[in-house]
Amino acid sequence: MENERAAEEAGTVDVRARAHMLAGENCALSLLNAFVDDPRVGPGVEPAVGLGLGGGFGGSGALCGAVNAAGLLLGAAVGARGAVTCGNESKVGQRAVNEAVSRLRRDFCMRYGSCDCTPILKGKPKLSPRKPWCAELVAWTAAWLDRELGPGAAGTTGTAGADAAAE
């Protein structure tokens, strides 16, 4: 078990997100926990904010919790870069996040046929919250978000932060 934990911590964000999902967390928590210590989203990301997002926004089957959580993380990333402040400057950060979320929704829906849990899971057996198909889409979302955020450790920004920082 300790070796599995070390492998999870050392893995890429998609590996970490999948591991959290397969350990029984909901899709939003899995994504948030995969990025919890990532400097690109800033300090203090609290995964508990994802508790109500799993199962398609509170178990309703609506917008996938991984997509919801990615929106939270994109907002945190833009805020961590100082692009969101009071007044008119906040509109620049808001626009950057909205554009990134729109790209995610487009890419996710193209890949899975929908952004909502009910159509994605239609016809799949309800085994448990550890559904392998959910783990796959959470891992895909983590990899997408990782690319979007860019190599923050190198001092550069991904698309979401670049637009906000430039204006």
What is the set of long-range amide H partners of ASP116 at a cut-off below 5 Å, with H atoms built 1.01 Å from backbone N?
CYS64
Taking the Cβ of each residue in LYS122, LYS131 as the centre, tally the other Cβ atoms inside 10 Å and list the residues starting with the fewest.
LYS122, LYS131
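Laboratory data are not the source of any read-out in this text; all were calculated from the coordinates shown. No experiment lies behind these values; they were computed from the predicted model shown. For neighbour counting, all protein chains shown are included, and Cβ atoms are generated from backbone atoms with ideal geometry for every residue, glycine included.
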